[in-house]
Ligand code: FAD
């Protein structure tokens, strides 16, 4: 056991081959903007491979995504990846957004179909003149410019996929259209993720699959979102947060422990790349990255 812990520690120190990326969402007001930038400032020195910014269905959210991505590009040395969906927009409108990203210097896009306008669980209706799904969107982006494109993946299957054949065929088509990597929906059961990787490899899909890790700031919120997205919440996880609704301090400690256990177990299974859903909060993600052996670098160290 001690030898095992040392082996793991050796992997997490020195020439650390662990890589991370962080996801943020565009802020809706000044207070949220301030919180977001505090988080970015705290997490940037960890030198993530990229930071992604989500995209909403409404026009104003779209603009906020663009503004956040542009500010990251202007004020930091981070590599921003802009999420983009097909929802409620014509091809011309989406193409315009893609070109505007290229023109301001964005080179990374997370290409998604997006959720139905009526909410998860209702039927998805593509815009009559729009991209119909993520495969179509990836192809469209590739025609415009040489972006690095990421797509979504689902270790527990997308709720609309009838079976694993449909799910894997869809991912394969996204790769064939030009996706360089995929980022997964969050999950809590590492065995399911490992089985998923085996299915992906057996299907001949060879792009990196970044596990999406969500530190649990609010168990209630995560449980409700899990139900919508088809993510299973193990009984042991619910048990860990039981009785803590009114105790944010303990909840935070438990959340850090749960997420650290999950990533350390993935490290033991050979995983070296992690994508964190930050919820625009730095503390838990920073702590987990620290445990992973990642330390802030100064601008001088970066330049050397
Ligand atoms: P797709 O890959 O197009 O597939 C969706 C489903 O439709 C799959 O089940 C697929 O099998 C099926 N399907 C696709 N095409 C066909 C076809 N021709 N025939 C039959 N079935 C088909 N949402 C946002 O609104 N904004 C975001 O910023 C955002 N970021 C995300 C980031 C990540 C990492 C993840 C995992 C999800 C994100 N989402 C976001 C949610 C995402 O938009 C939803 O999960 C959406 O329902 C599916 O998007 P997709 O790109 O996976 O779709």
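A Förster radius of 51 Å, combined with the Cβ-Cβ distance separating residue 96 from residue 227, puts the computed FRET efficiency at roughly 0.90.
Entry note, the chain: the mean residue ellipticity at 222 nm calculated from DSSP H runs of n ≥ 4, each adding -39500 (n - 2.57), is -15000 deg cm²/dmol after division by the residues and rounding to the nearest 500. Residue exposure proxy: 158, 290, 83, ordered by other Cβ atoms within 10 angstrom of their Cβ from fewest to most, comes out as 290, 158, 83. Mind telling me which of 60, 21, 90 comes out most flexible in a GNM of the chain, alpha-carbon contacts under 10 Å? Checking each option, the largest mean-square fluctuation is seen for 60.
Extension gain, residue 38-residue 122: 0.36 nm per intervening residue step, less the Cα-Cα distance, totals 26.6 nm. Each of 37, 201 has some number of other Cβ atoms within 10 Å of its Cβ, and from fewest to most they run 201, 37.
In a fully extended conformation the segment linking residue 57 and residue 142 would gain 28.4 nm over its present Cα-Cα distance, using 0.36 nm per residue. On the basis of the beta-carbon distance and an R0 of 41 Å, residue 75 and residue 169 show a calculated FRET efficiency of 0.50.
Cβ-to-Cβ counts within 10 Å put 257, 65, 298 in ascending order as 298, 257, 65, the fewest first. The alpha carbons of the chain occupy a box of 59, 48, 42 Å along the principal axes, longest dimension given first. The alpha carbon centroids of region 76-141 and region 191-231 are separated by 22 Å.
Every read-out reported here was derived from the displayed coordinates using simple, explicitly stated rules and does not represent laboratory data. Quick caveat: nothing in here was measured; it's all calculated off a predicted structure. As a convention, Cβ positions derive from the backbone with ideal geometry for all residues, glycine included, and neighbour counts pool all protein chains shown.
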